[in-house]
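Engineer: Structure in C-alpha cells, see below.
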Amino acid sequence: LYYQPQVSLADGSLVGLEALLRWRHPEKGLLPAAAFLPFAEESGLIVPISQWMLKTACTQHQAWQSRGGAGLRLAVNQPTRQLKNISLADSVDRALADSGLSPQLLELELTENYLMENPELLVDKLAALKSRGVRLAVDDFGTGYSSLPYLKRFNVDRLKIDLSFVRRAPSDPGSRAVIEAVIAMAHSLGMRVTAEGVETREQEELLRRCGCDEGQGYLFARLSQQKFFLFGPGTGVFFSLQHQPA
Ligand code: MN
C-alpha cells in the first residue's frame, strides 16, 4: 500500500491520504493496481486483498493520528467484487474495530461503473455503511454513466473527477466544460469534488478557477510508503510523515 496526499486547492493544505495498492514486481518494477487486480478478481483473491487493504490502511492511519496526521481523512479503494460476494459493511466494521480508527475519518471509494451497474441492489448496503459515519466517494467520475437520482439516494459525499479530464483540460475546451459541469452539479447536490492526476500548475490553477475543492497527483506529491513531501505554492516542504509499518 502506498499513500497519496489529497490537498485543498483553496489553501494547499493537506486534507487526506488515499491508500493505493501497488505490486513491486521483481522484473517489471512497480505495477499499478489495474495491471494485476483483474487477475485477482478472476482468482477470487480480490476479497482477501480488499480486506487486507482496508485493515492495513486503517491501522496505519490510526498510527498517524498521533504523529502529526490528526484529523486527516483516509480514502480506501474497495474493488467491486467485494460488495457482491460478502458484506463490505462487515469488513469495514472489522477494520475499524481492529484499528480503532474513527469511522468519520474513513472514506470508501467505489467506481462509477460499478455503482451504476445495479444501483437498486446497492441502496441498502450503502445506507448501512453511511449509518456508521463512513464517507462515500465515487471514483473515476465521468468515465461511465451516472444516474443523478441514484447519486442522491446513495448519499454520496464526494465525486472524484477522472484524470483523463484533468490531463486534457488545458488544451481541450470540451474537457474543461465537463469539469465545470461536474463541479456545479456536485456542489448543488451537496457533494465535494476532488480532481485526480493533477500534474501541472496549469491544471491546478484551472481546477481552482472552476471551484474544484481538492486535488491529488504528482504536482503535490509522489506516491510514498516512507515519507510525505508536499509542495504547496511557494512553500516548499511543509509536511512530512514517517511511515510506520503496520
Ligand atoms: Mn481512487
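A short reminder: the numbers here are calculations on the coordinates, not readings from a lab. Please read all numbers here as calculations on a predicted model, not as lab measurements. Reconstructed Cβ throughout: ideal geometry from the backbone, glycine too, with neighbour counts over all protein chains shown.
Engineer: Please report, in whole Å, how far the alpha carbons of region 1-76 spread along each principal axis, starting with the longest.
Structural biologist: Taking the Cα atoms of region 1-76, the three principal extents are 41, 22, 21 Å.
Engineer: Report the number of Lys pairs in the chain whose alpha-carbons are under 24 Å apart, with separation of 8 or more residues or on distinct chains.
Structural biologist: Lysine pairs meeting the criterion: 15.
Engineer: Between ASP213 and residues 5 or more places away or on another chain, which pairs have amide H atoms under 5 Å apart, with H built 1.01 Å from N, and which residues are they?
Structural biologist: VAL193
Engineer: Hey, another quick one. What distance in nm separates the two pseudo spin-label positions at TRP52 and SER13, each 7 Å out from Cα along the beta-carbon direction?
Structural biologist: Each label point is offset 7 Å from its Cα along the Cβ direction, giving 3.6 nm.
Engineer: Right, here's the next one. Starting from the Cα-Cα distance between ALA181 and ALA34, subtract it from 0.36 nm times their residue separation and give me the gain in nm to one decimal.
Structural biologist: Values: separation 147, 0.36 × 147 = 52.92 nm, distance 2.78 nm.
The ALA181-ALA34 span can extend by a further 50.1 nm.
Engineer: Under a Cβ-Cβ cut-off of 11 Å, what is the net charge of the residues other than LEU17 that fall near it, where Lys and Arg count +1 and Asp and Glu count -1? Please report the intermediate quantities before stating the final value.
Structural biologist: Values: positive: ARG73; negative: GLU18, GLU107.
Cβ neighbours under 11 Å give a net charge of -1.
Engineer: Then there is this: Report, please, the projected area of the chain averaged over directions, based on the convex hull of its C-alpha atoms, in nm². Walk me through the intermediate numbers first.
Structural biologist: Working: hull surface 52.8 nm².
Taking the Cα atoms of the chain, their convex hull projects to 13.2 nm² on average.
Engineer: Dipole size in debye (nearest 20) for region 62-146 around its Cα centre, Lys and Arg Cβ +1, Asp and Glu Cβ -1? Before the final figure, lay out each step's value.
Structural biologist: Values: 9 positive and 11 negative charges, 65 e Å.
Here region 62-146 has a charge dipole of around 320 debye.
Engineer: Related question: Helix-only mean residue ellipticity at 222 nm, the chain, DSSP H runs n ≥ 4 weighted -39,500 (n - 2.57), per residue, nearest 500. What is it? Kindly include the intermediate steps, with their values, before the conclusion.
Structural biologist: Details: 10 runs with 100 residues, N = 246.
Here the helix-only value at 222 nm equals -12000 deg cm²/dmol.
Engineer: Using a Förster distance of 22 angstrom, determine the FRET efficiency expected from the C-beta separation of ARG22 and THR200, and round it to 0.05. Display every interim value, and only then the final one.
Structural biologist: Details: r = 23 Å, r/R0 = 1.05.
For R0 = 22 Å, the calculated efficiency reads 0.45.
Engineer: With r as the distance between the Cβ atoms of LYS152 and ARG94 and R0 = 41 Å, compute the FRET efficiency 1/(1 + (r/R0)^6) and round to 0.05. Walk me through the numbers on the way to the answer.
Structural biologist: Working: r = 29 Å, r/R0 = 0.72.
That gives a FRET efficiency of 0.90.
Engineer: Distance in nm between label sites at LEU1 and SER188, each 7 Å beyond Cα in the beta-carbon direction?
Structural biologist: Those two pseudo-labels are separated by 3.8 nm.
Engineer: Let me ask you something else. Express in % the proportion of alpha carbon pairs of region 88-163 at distances exceeding 20 Å. Spell out each step's value before the answer.
Structural biologist: Working: 840 of 2850 pairs.
Of all Cα-Cα pairs in region 88-163, 29 percent lie more than 20 Å apart.
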